[in-house]
Amino acid sequence: MVESHAHVPIPSDPVERIRALRVLREVYRRGKKPGFEVTYRTVSGSTCGPYYVARWRRDSKFRHGRTLYLGKPENESVRFTEWLVSLDRSEVLELARHLMRNLRSVLKTLLTEVSSLPYKRARCVLTRGLALAFDARPSNSPRIRDLLEELPDRLESFLVRTLGGWPAHYSSHLNKIIRSRRKSLDGRHEVPDVQLELERWRLRHDR
């Protein structure tokens, strides 16, 4: 439990904790609270939902928005984010800074454990470790970026994706690629390399 935030409705499920941590990491990065929005999906003519997302619109500082999927109403990360947006901005930023210090402690501890492990095993350890960020003791150094750079490339890439999520509107970009490839293959479906296409998308939009 975060000692200075005993009232925080921290998710108990590790996956839900990581979703909550992703929201707080984006709060820390952007310096603002997310929007808490409900969405619906249409599948084969049927509407599914509601599903919830945390969303940051683009602004003068950030040219691109960010959307983090939280899922169904009963998910703990949904309740956490709903509670988060009810707070004052100063309280939200304080909590985000506290969790980022905890995250540095977790990553610093995990570095020595995962560097020599096989990739799949290291991913499991890293994922479990991220869920413990709510319970860790705060650390003031080193920076998260410094810690990530000490990881092997594939593990750094995995960790960045796990914490960051996809940019807003990336899924619509991917759908366009799929439709285009269907046409070029006379209606046959080819699944693109999602991670490769995401990196290409980021290179074009982050200039």
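See the values below:
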| quantity | calculated |
| --- | --- |
| Number of the condition not met by R137 [criteria: (1) in a helix (DSSP H, G or I); (2) at pLDDT 75 or above; (3) basic (K, R)] | (1) |
| Complete set of residues in the range 41-72 that are part of a strand (DSSP E or B), small (G, A, S) and closer than 20 Å to G31 by Cα | A54 |
| Set V92, V106: member being at pLDDT 90 or above and touching a Lys or Arg at 6+ places or on another chain (Cβ under 6 Å) | V92 |
| R22 vs. criteria of a type outside the set (D, E), touching a Gly at 6+ places or on another chain (Cβ under 7 Å) and either open to solvent by 50 Å² or more (accessible area, probe 1.4 Å) or on the phi > 0 side of the Ramachandran plot (or both) | yes |
| Every pair of residues 6+ apart whose Cβ atoms lie under 7 Å, when the first sits in the range 98-120 and is within 30 Å of G31 (Cα to Cα) while the second is open to solvent by less than 20 Å² (accessible area, probe 1.4 Å) and of a type in the set (V, I, T) | H98/V2; L110/V125 |
| Residue in the range 18-25 that is farther than 25 Å from R161 by Cβ and not aromatic (F, W, Y) present | no |
| Scan of the range 120-145 for residues that are farther than 22 Å from P9 by Cα and either of a type in the set (A, V, I, L, M, F, W, C) or open to solvent by 50 Å² or more (accessible area, probe 1.4 Å) (or both), ordered by number | K120, R121, A122, R123, C124, V125, L126, N140, S141, R143, I144, R145 |
| Exclusive hit being open to solvent by 60 Å² or more (accessible area, probe 1.4 Å) and at pLDDT below 65, set S172, S184 | S184 |
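For every residue, the table says whether it meets (1) open to solvent by less than 60 Å² (accessible area, probe 1.4 Å); (2) of a type outside the set (V, I, T).
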{"site": "R17", "(1), (2)": "yes, yes"}
{"site": "K32", "(1), (2)": "no, yes"}
{"site": "T47", "(1), (2)": "no, no"}
{"site": "P50", "(1), (2)": "yes, yes"}
{"site": "W56", "(1), (2)": "yes, yes"}
{"site": "E82", "(1), (2)": "no, yes"}
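The values are calculated or read from the model by the stated rules, or taken from the named source; none is laboratory data. Nothing here was measured: the structure is a model prediction, and the numbers come from that model. Here the Cβ is made from the backbone with ideal geometry for all residues, glycine too, and neighbour counts use every protein chain on show. For the accessible areas, the whole protein counts, side chains as well, though only heavy atoms, and no ligand, DNA or RNA atoms are used. Shrake-Rupley method; radii C 1.70, N 1.55, O 1.52, S 1.80 Å.
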